[in-house]
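Student: Here it is, the structure, as structure tokens.
The values are calculated or read from the model by the stated rules, or taken from the named source; none is laboratory data. This structure is a prediction, so every number in the text was calculated from the model and none was measured. Because the Cβ atoms are built from the backbone with ideal geometry, glycine has one as well, and the counts that use them run over all protein chains shown.
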Protein chains: 2
Amino acid sequence: MDRRNFLRTSAIGAVMAVASPISISAAGHATRKTTRSGRLNMSFMPYELKLNHSFNLARSQRTTTPDVQLQIEYDGLIGYGEASMPPYLGESVESVMTFLNSLDMTQFADPFRIDEIHDYMDSVAPENRAAKAAVDIALHDLTGKIMGQPWYKIWGLKPSKTPDTSFTVSYDSNPDEQKAKIEEALPFNIIKVKMGLDHDKELVDAIRRQSQSPVCVDANQGWTDKEKALEMCHWLNERGCLFVEQPMPKEMLEETAWLRERSPLPIIADEFVRDTADVRRAVQAYDGINIKLMKCGGMHEAHRMAVFARALGMKVMLGCMTETSCAVTAAAQLSPMADWADLDGNLLISNDRFDGMKIVDGKVTIPDRPGIGVKLITPTV
Amino acid sequence: MDRRNFLRTSAIGAVMAVASPISISAAGHATRKTTRSGRLNMSFMPYELKLNHSFNLARSQRTTTPDVQLQIEYDGLIGYGEASMPPYLGESVESVMTFLNSLDMTQFADPFRIDEIHDYMDSVAPENRAAKAAVDIALHDLTGKIMGQPWYKIWGLKPSKTPDTSFTVSYDSNPDEQKAKIEEALPFNIIKVKMGLDHDKELVDAIRRQSQSPVCVDANQGWTDKEKALEMCHWLNERGCLFVEQPMPKEMLEETAWLRERSPLPIIADEFVRDTADVRRAVQAYDGINIKLMKCGGMHEAHRMAVFARALGMKVMLGCMTETSCAVTAAAQLSPMADWADLDGNLLISNDRFDGMKIVDGKVTIPDRPGIGVKLITPTV
């Protein structure tokens with residue numbers, strides 16, 4: 001039944017991305033690989049995510065996000081995975097499909113060989129983190145299902161320790177639209193704003209007129225003057241902000257260290273840290289890190305990063321891209337290790353393929369299903 | 001059947017430790033707690049380990065080692081654990097039994113709550129690492145059995161990456177005895193020597209007359225003069241040594257950093273590092289760390305330490321105490337993450353209670369049983 005559902009949705013995916021020749025080969029690929037017990041059978045398809053609101057970033061605006069949905073079948077079980085590719089990370093549907101098509105997963109007879117499969121994927125290509133994350137998430141879903149347990153339990157974590165999640169509010173020049181966007185964030189305990197535009201203070205002031213919830217700030221490398229950055233940190237601190245994410249360009253490590261020493265708010269690394277190796281350098285200039293599955297290549301590395309950052313005494317934030325409940329719920333499994341979560345990616349789209357992690361009273365709530373904890377649904381779109 | 005076996009062996013344990021009033025209460029405790037489905041039922045008993053050879057250390061000699069055997073029953077399954085207490089770590093049968101008796105494990109209805117149970121144990125007493133390791137190992141055995149998988153698989157590790165293990169040879173003033181002791185180590189690919197006595201060079205020379213296998217050196221904090229320590233490192237390097245473990249007292253961090261900068265051999269921390277917090281300080285003076293379950297409090301923390309040390313670019317060594325195959329096999333689950341293993345503790349005793357990890361052609365081989373991978377046997381003693 002799951003297989004039938006996938007193929008049916010696969011057809012939707014092919015229709016959606018019909019302009020691209022990749023979608024044809026993707027659909028072909030998905031049907032070519034047949035189930036063979038005892039081997040890993042992988043299939044995947046492009047799946048364009050539809051945004052509820054257009055997304056205003058420092059330099060662009062968009063209404064859809066590219067995404068690839070993946071599944072690995074093994075011994076009658078299906079593990080689900082996903083690669084979401086915000087354009088600024090350098091991956092595209094084409095690069096993900098090309099990478100995944102170059103993998104021969106049938107050489108593996110055991111989904112538990114996570115280290116080995118990552119070594120193999122790294123030998124095929126050094127980067128392609130989102131594509132690798134898709135495979136990694138599907139493997140974790142499979143192994144968790146084989147073991148009959150969700151990953152937060154396997155990692156020994158306490159489910160009630162999950163943090164509040166923030167909900168992102170973007171600037172809107174239309175006051176009524178702005179008010180509506182803030183309205184949508186009110187059920188959450190933390191509001192996130194992305195800065196680096198001309199209207200940063202206006203946005204925070206608008207939020208403060210409607211809500212006294214703590215605000216966390218993502219500057220997206222937007223501040224290049226350290227004195228002005230410090231001034232802004234003070235201004236934000238006076239308005240009940242929690243922390244500032246990636247205030248300055250990732251290359252400005254010394255200036256960020258200077259800012260961190262003086263800032264009343266914790267400074268969190270996002271673009272600066274992708275994997276464990278980066279965390280080691282981050283400790284000299286940042287108070288914490290934002291872990292995202294698509295940046296680091298999956299749950300295995302994300303867990304290592306969380307262990308590493310905790311051991312270094314750093315704060316841990318768990319983030320996501322705009323993606324379905326598949327990758328968001330996979331990330332949520334790790335959330336009891338995080339101080340803050342920014343797991344709203346699935347709430348921003350209208351064509352989710354999965355039921356999974358829920359936000360209850362503003363708090364991340366992990367479903368009790370085994371694996372990554374999702375269930376395939378038919379999107380209403 | 002397992003339960004019957006345990007009680008039978010429990011009686012042996014009680015007989016063995018009959019001189020001590022603790023063994024009576026231990027046996028009483030073991031029979032008092034009855035199985036109740038859905039709760040963690042813990043029982044334990046002292047179990048004195050008999051050494052094949054007397055053990056010559058810098059300051060003492062001994063023929064037995066104190067040990068406590070533990071089990072946790074849950075839903076018809078039994079998880080095995082063990083605390084071994086070499087006198088220099090400050091724990092005794094009495095302190096372990098007192099600590100374990102103070103725990104109320106029946107408050108927990110889920111063996112997967114590893115973080116939570118560690119928090120609870122830490123709230124009862126800050127230290128007692130070996131006692132906590134016993135509980136932690138039993139929980140991992142239980143959860144692994146519930147999931148039907150050995151822990152190396154759950155951790156995503158590749159079983160063929162297990163390292164060679166070293167076998168310890170101690171000095172003997174009788175040349176025939178010395179020869180026999182070295183003979184016993186010949187099947188292993190690495191020979192370990194404990195230094196700090198007057199006969200260090202004699203011992204290495206005696207080994208080199210019988211074997212060209214690499215030798216690793218444990219100085220047990222024995223060297224207090226950094227210049228002499230450096231000289232010794234050069235001498236050992238010329239004789240094919242791999243590394244030196246804890247050359248200087250753990251308090252001499254600056255001198256160890258000085259030595260590390262100049263030594264041709266890697267300097268590994270043993271007494272200096274007990275847990276993750278210590279690893280963070282170790283990186284300034286040591287090239288690697290020796291992880292032992294009894295020092296750090298169990299498999300959960302040991303795995304974190306291995307992840308942390310690897311992320312810091314440090315070497316990882318996996319050690320053990322003189323203990324049964326229970327704790328040794330639990331440690332072996334982590335061994336694919338280690339550069340070197342020193343997992344010979346079970347080979348040094350004549351009354352092992354378990355079948356578990358094997359050394360095949362000098363290499364650690366993890367059994368394919370779920371959990372920590374051991375099977376209870378009746379010792380032939």
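Student: Of everything in region B:128-179, what is charged (D, E, K, R), over 24 Å from B:Val217 (Cα atoms) and within 18 Å of the chain's Cα centre (by Cα)? Give them in sequence order. So that I can check it myself, show each step before the final result.
Tutor: First, pick out the residues of region B:128-179 that are charged (D, E, K, R): B:129, B:132, B:136, B:141, B:145, B:153, B:158, B:161, B:164, B:172, B:176-177, B:179.
Going one step further and asking which of them are over 24 Å from B:Val217 (Cα atoms), we end up with B:129, B:132, B:136, B:141, B:145, B:153, B:158.
Once the filter is applied, which keeps residues that are charged (D, E, K, R), over 24 Å from B:Val217 (Cα atoms) and within 18 Å of the chain's Cα centre (by Cα), region B:128-179 yields B:Arg129, B:Lys132, B:Asp136, B:Asp141.
Student: If you don't mind, there's one more thing I want to ask. Is region B:331-349 home to any residue that is hydroxyl-bearing (Ser, Thr, Tyr) and under 27 Å from B:Gln284 (Cβ atoms)?
Tutor: At the first step, the residues of region B:331-349 found to be hydroxyl-bearing (Ser, Thr, Tyr) are B:335.
Right, trim to under 27 Å from B:Gln284 (Cβ atoms) and you get B:335.
Yes: one or more hits.
Student: Go through (1) touching a Ser or Thr at 6+ places or on another chain (Cβ under 6 Å); (2) within 27 Å of B:Trp151 (Cβ to Cβ); (3) surrounded by fewer than 23 Cβ atoms within 10 Å (Cβ to Cβ) for A:Lys50 and report which single condition fails.
Tutor: (2)
Student: Quick one: which of B:Leu70, B:Leu51 is farther than 25 Å from B:Gly371 by Cα and not in a helix (DSSP H, G or I)? Lay out the reasoning, then the answer.
Tutor: Details: B:Leu70 fails: farther than 25 Å from B:Gly371 by Cα.
Of B:Leu70, B:Leu51, the one residue that is farther than 25 Å from B:Gly371 by Cα and not in a helix (DSSP H, G or I) is B:Leu51.
Student: Kindly establish whether B:Gly371 is touching a Gly at 6+ places or on another chain (Cβ under 7 Å) and within 13 Å of another protein chain (Cβ to nearest Cβ). Lay out the reasoning, then the answer.
Tutor: Details: touching a Gly at 6+ places or on another chain (Cβ under 7 Å): yes; within 13 Å of another protein chain (Cβ to nearest Cβ): yes.
Yes.
Student: Related question: If you go through region A:223-265 one residue at a time, how many are surrounded by 20 or more Cβ atoms within 10 Å (Cβ to Cβ), in a loop (DSSP other than H, G, I, E, B) and over 20 Å from the mean Cα position of the chain (by Cα)?
Tutor: Going through region A:223-265 one residue at a time, the tally reaches 4.
Student: Please work out if B:Ile191 is among the β-branched types (Val, Ile, Thr) and under 21 Å from B:Phe99 (Cα atoms). If you could, list the steps in order and put the result at the bottom.
Tutor: Details: among the β-branched types (Val, Ile, Thr): yes; under 21 Å from B:Phe99 (Cα atoms): no.
No.
Student: Across region A:321-333, which residue is nearest to the other protein chains (Cβ to nearest Cβ) among those that are out of contact with any Asp or Glu (no Cβ under 7 Å at 6 or more places or on another chain) and under 20 Å from A:Gln246 (Cβ atoms)? Please lay out each step first, then the result.
Tutor: Filtering region A:321-333 for residues out of contact with any Asp or Glu (no Cβ under 7 Å at 6 or more places or on another chain) gives A:321-322, A:328-333.
Subset that is under 20 Å from A:Gln246 (Cβ atoms): A:321-322, A:331.
Numbers: A:Met321: 24, A:Thr322: 28, A:Ala331: 17 Å.
Among residues in region A:321-333 that are out of contact with any Asp or Glu (no Cβ under 7 Å at 6 or more places or on another chain) and under 20 Å from A:Gln246 (Cβ atoms), the one nearest to the other protein chains (Cβ to nearest Cβ) is A:Ala331.
Student: Let me ask something else. Looking only at region B:86-105, decide whether some residue is at pLDDT 50 or above, among the acidic types (Asp, Glu) and within 27 Å of B:Gly148 (Cα to Cα).
Tutor: Residues of region B:86-105 that are at pLDDT 50 or above, as a first pass: B:86-105.
Filter once more, keeping what is among the acidic types (Asp, Glu): B:91, B:94, B:104.
Filter again for within 27 Å of B:Gly148 (Cα to Cα), leaving B:104.
Yes, region B:86-105 contains at least one residue that is at pLDDT 50 or above, among the acidic types (Asp, Glu) and within 27 Å of B:Gly148 (Cα to Cα).
Student: Shifting gears a bit: Does B:Met85 count as closer than 30 Å to B:Asp198 by Cβ and in contact (Cβ under 8 Å) with a residue 60 or more places away in the chain? I'd like the intermediate steps shown before the answer.
Tutor: Numbers: closer than 30 Å to B:Asp198 by Cβ: yes; in contact (Cβ under 8 Å) with a residue 60 or more places away in the chain: yes.
Yes; evaluated as a whole, the condition is true for this residue.
Student: Hey, among the residues in region B:337-347 that are crowded, with 21+ Cβ neighbours inside 10 Å and not charged (D, E, K, R), which one's farthest from B:Leu49 (Cα to Cα)?
Tutor: Checked region B:337-347; the qualifying residue farthest from B:Leu49 (Cα to Cα) is B:Met337.
Student: For region B:264-313, enumerate the residues that are of a type in the set (Lys, Arg) and within 14 Å of chain A (Cβ to nearest Cβ). Working first, answer last.
Tutor: Filtering region B:264-313 down to residues of a type in the set (Lys, Arg) leaves B:274, B:280-281, B:292, B:295, B:304, B:310.
Of everything in region B:264-313, those that are of a type in the set (Lys, Arg) and within 14 Å of chain A (Cβ to nearest Cβ) turn out to be B:Arg274, B:Arg280, B:Arg281, B:Arg304, B:Arg310.
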